[in-house]
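Worksheet: one structure, shown below.
The values are calculated or read from the model by the stated rules, or taken from the named source; none is laboratory data. Note that the coordinates shown come from a computational prediction; the quantities given were computed from them, not determined experimentally. No Cβ is skipped: glycine too gets one built from the backbone with ideal geometry, and neighbour counts run over all protein chains shown.
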Amino acid sequence: MGLDEATRIAHEFKLRRLKRERNGRLLKHAFLIGVSFIMLYPLFWLLSASLKPENEIFGNVDLWPSVFMVENYTKGWHALPESFTVFYVNSAIVTVLSVIGNLLSCSFAAYAFARLRFTGRNFFFALMMMTLMIPYHVVLIPQYVQFLQLGWVDTYLPLVVPRFLASDTFFIFLMVQFFRQLPRELDEAAMIDGCSPFKIYWAIVLPLSLPAMGTAAIFSFIWVWEDFLAPLIYLNDIKSYTVPLALRLFLDQDGQSAYGQMFAMSVLSLVPVVIFFVLFQKLIVRGIATSGMK
Amino acid sequence: MAGLTLRNVGKSYGALQIMQGLNLDIHDGEFLVLVGPSGCGKSTLLRMIAGLEDITDGTVAIGDKVVNDLPASKRELSMVFQSYALYPHMTVAKNLAFGLQNFRMPKAEVERRVAEAARILQIEPLMARKPRQLSGGQKQRVAIGRAIVREPKLFLFDEPLSNLDAELRVQMRAELASLYARLGTTMIYVTHDQVEAMTMASRIVVLRAGKIEQVGTPQELYTRPQNLFVAGFIGSPKINMLAAEVRAEGGRPVARVAGFADFALPDLSTRDTRLTLCVRPGALHVGEGEVISEGTIRLVEYLGNETLLHVALASGQVVLLSVVGPAPYRAGQTIPIGFDLADLHYFDAEGRRLEPALPAQPQAAFA
């Protein structure tokens, strides 16, 4: 067997290997695309339903609408006694205030747990962690009674004020874990540089915790924006309804089925979440890139 | 500038006492190095001086002001950390200015000091960068810069060079020494590296397990270690320790060291019969000395300016012997080795230094 022959065979083996690898990759991708489609199907369905004529929504399995009913969107916006502009503004007020409240108060509490020494710190931390395990529905009624006595029902206060009091344990926990990773020598250097504990929190810990803040902001935004139960309980006047409450009104209208419009408004209600996620997800990435200490 | 006085300083974490009854006077303008093995409490002591750890016992005074209850920022000192602890989200310029701004110093003064520090440390081209864009040596300079701009009474260094590679460490060591010469401020420097201690210190404090073993100039520590620990800790390559049994013969003490012929000792005024005799590797000679023995070379380490011979004595103990320049020996060879009595350090059964009566003064060899 000559050298040329050997080279040719080696080349052939190489080609076969490459082909095998390519087929393997194709198979893998096909599988992953299939699974993704299954997972995204409800979203596709929602999107398609929002563009379909009323009779096609439940009658036609085809995802592609026969006609594109863009007026589902335009009519849906004004279909309720108040326009969706009002609901969006309401949702925005509640959500923005809640996100700010969560970030400020939870990071404050987390800083204390992670960095300050005080009597009973471990006990209170354990206590706080236990509240994480209490289901919301257990405190629902006592909380309602309390807010009723305060005269806060039918205002945004029950939705917003607790967020300024570090009531979202999960975020405190998330931030404590993050703060603990920051080198203590930074705090010490800052102490020698004349920083008070608050200044250390504000000038050192917070700017270095953008990834944790970004994560908390995203979750906080999504949870509050999508929250249905709390607004349902505390808001009575349609003028103060948030978007999820408003969406439910489409079903309340007896006889008048407006599924297309409801789905159209549902699609729109997802837009702020997506925008917020995209914006703050960048923050997370940038935060990770800047946190190299050594 | 100010000196520092520690009186009966102690530190305990709950029931665990890690430091007790420490007394130390640090003179104004001194470069004091705290050295010791890891866990000896040297960093803790430094952090107590800095105000980062509580002082559980005794008093610490800067100048004549007791600072026990003064927060770190009011002690007029600055500290360079092992990890540099530069603020990662601030530029170099901001890192330098941050502390001064916290003390509400006028803007012009801040700028003057920052520019001055940048010039001294030659970091002017780096001012706009973030710490992650700096090399180890540059970070080190910035960390030192952050300490200088404060114009403190006292500089504290916590193992500042241990994150640098060997070459840079030697360079930064020299730079720190020249910075000290230029500023003349009191400096307290913690390290576990005895070479750093020896080369930079005006005085060295050797610590072990929260206690001061010896305080002295590098030369004092090297030529007259007060105990076995200091003898073993200071000096590289490490000092040789030979166990000796002493008996009186005709009114004079005679030592028996395994592997050597018996030899007469100077008067040490001790009743201990088990002593430790120490001899530096440089004081062991091939083929000469008042006390002679034989050994087999186990290993030859050529270091350029000197050659280290690891020699196994008849007893099995391996001693280190250093020869200037290259040496024509190889492993396996048997050579005669010896030392002079004047080069010996004597330690009693508890490891305390014994001073021989004249004429056999050991430090005579170094005078």
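Any residue at all in segment A:230-244 that's within 14 Å of chain B (Cβ to nearest Cβ) and of a type in the set (Lys, Arg)?
In the first step, residues of segment A:230-244 are kept if they are within 14 Å of chain B (Cβ to nearest Cβ); the result is none.
No, there is no match, as no residue in segment A:230-244 is within 14 Å of chain B (Cβ to nearest Cβ) and of a type in the set (Lys, Arg).
Identify the residue in segment B:283-326 that is in a loop (DSSP other than H, G, I, E, B) and touching a Leu at 6+ places or on another chain (Cβ under 7 Å) and, among all such residues, is nearest to B:Pro356 (Cα to Cα).
B:Glu290
Are any of the residues in segment B:168-176 surrounded by fewer than 23 Cβ atoms within 10 Å (Cβ to Cβ) and within 14 Å of chain A (Cβ to nearest Cβ)?
First, the residues of segment B:168-176 that are surrounded by fewer than 23 Cβ atoms within 10 Å (Cβ to Cβ): B:168-175.
From the residues that got through so far, the ones that are within 14 Å of chain A (Cβ to nearest Cβ) too are none.
Within segment B:168-176, none of the residues are surrounded by fewer than 23 Cβ atoms within 10 Å (Cβ to Cβ) and within 14 Å of chain A (Cβ to nearest Cβ).
Return the residue satisfying two criteria in turn: it lies in segment B:225-238 and is outside any helix (DSSP H, G or I) and surrounded by fewer than 22 Cβ atoms within 10 Å (Cβ to Cβ), and of such residues it is modelled with the lowest pLDDT.
If we take residues in segment B:225-238 being outside any helix (DSSP H, G or I) and surrounded by fewer than 22 Cβ atoms within 10 Å (Cβ to Cβ), then B:Ser236 is modelled with the lowest pLDDT.
Of the residues A:Leu63, A:Leu80, A:Leu103, which single one is assigned to a helix (DSSP H, G or I) and hydrophobic (A, V, I, L, M, F, W, C)?
Details: A:Leu63 fails: assigned to a helix (DSSP H, G or I); A:Leu80 fails: assigned to a helix (DSSP H, G or I).
Checking each option against the conditions leaves just A:Leu103.
Please determine whether any residue of segment B:24-45 is surrounded by fewer than 17 Cβ atoms within 10 Å (Cβ to Cβ), closer than 14 Å to B:Ile188 by Cβ and of a type in the set (Gly, Ala, Ser).
First, the residues of segment B:24-45 that are surrounded by fewer than 17 Cβ atoms within 10 Å (Cβ to Cβ): B:25, B:27-29, B:37-39.
If we keep only those that are closer than 14 Å to B:Ile188 by Cβ too, we end up with B:25, B:27-29.
The next check asks that each one be of a type in the set (Gly, Ala, Ser); those that pass are B:29.
Looking for residues that are surrounded by fewer than 17 Cβ atoms within 10 Å (Cβ to Cβ), closer than 14 Å to B:Ile188 by Cβ and of a type in the set (Gly, Ala, Ser), one finds at least one in segment B:24-45, hence yes.
Could you grab me the full set of residues in segment B:177-193 that are buried (at least 22 other Cβ atoms within 10 Å of the Cβ) and touching a Ser or Thr at 6+ places or on another chain (Cβ under 8 Å)? Walk me through it before giving the result.
Let us first name the residues in segment B:177-193 that are buried (at least 22 other Cβ atoms within 10 Å of the Cβ), namely B:185-191.
Selection gives B:Val190, B:Thr191.
If you take the residues in segment A:165-186 that are at the interface with chain B (Cβ under 8 Å from one of its Cβ atoms) and in a helix (DSSP H, G or I), which one is surrounded by the fewest Cβ atoms within 10 Å (Cβ to Cβ)? Don't jump to the end; show me each part of the working.
The initial filter retains those residues of segment A:165-186 that are at the interface with chain B (Cβ under 8 Å from one of its Cβ atoms), namely A:183, A:185-186.
Among the residues that remain, those that are also in a helix (DSSP H, G or I) are: A:185-186.
Details: A:Glu185: 18, A:Leu186: 21.
Ranking the qualifying residues of segment A:165-186, first place goes to A:Glu185.
Give A:Ala203, A:Ala189, A:Ala216 a once-over and let me know the one that is within 14 Å of chain B (Cβ to nearest Cβ), among the small types (Gly, Ala, Ser) and in contact with a Cys (Cβ under 8 Å, 6 or more places away or on another chain). Please lay out each step first, then the result.
Values: A:Ala189 fails: in contact with a Cys (Cβ under 8 Å, 6 or more places away or on another chain); A:Ala216 fails: within 14 Å of chain B (Cβ to nearest Cβ).
The conditions single out A:Ala203.
Which of (1) surrounded by 18 or more Cβ atoms within 10 Å (Cβ to Cβ); (2) within 14 Å of another protein chain (Cβ to nearest Cβ); (3) in a helix (DSSP H, G or I) does A:Cys195 not meet, given it meets every other one?
In the conditions (1) surrounded by 18 or more Cβ atoms within 10 Å (Cβ to Cβ); (2) within 14 Å of another protein chain (Cβ to nearest Cβ); (3) in a helix (DSSP H, G or I), A:Cys195 misses (3) alone.
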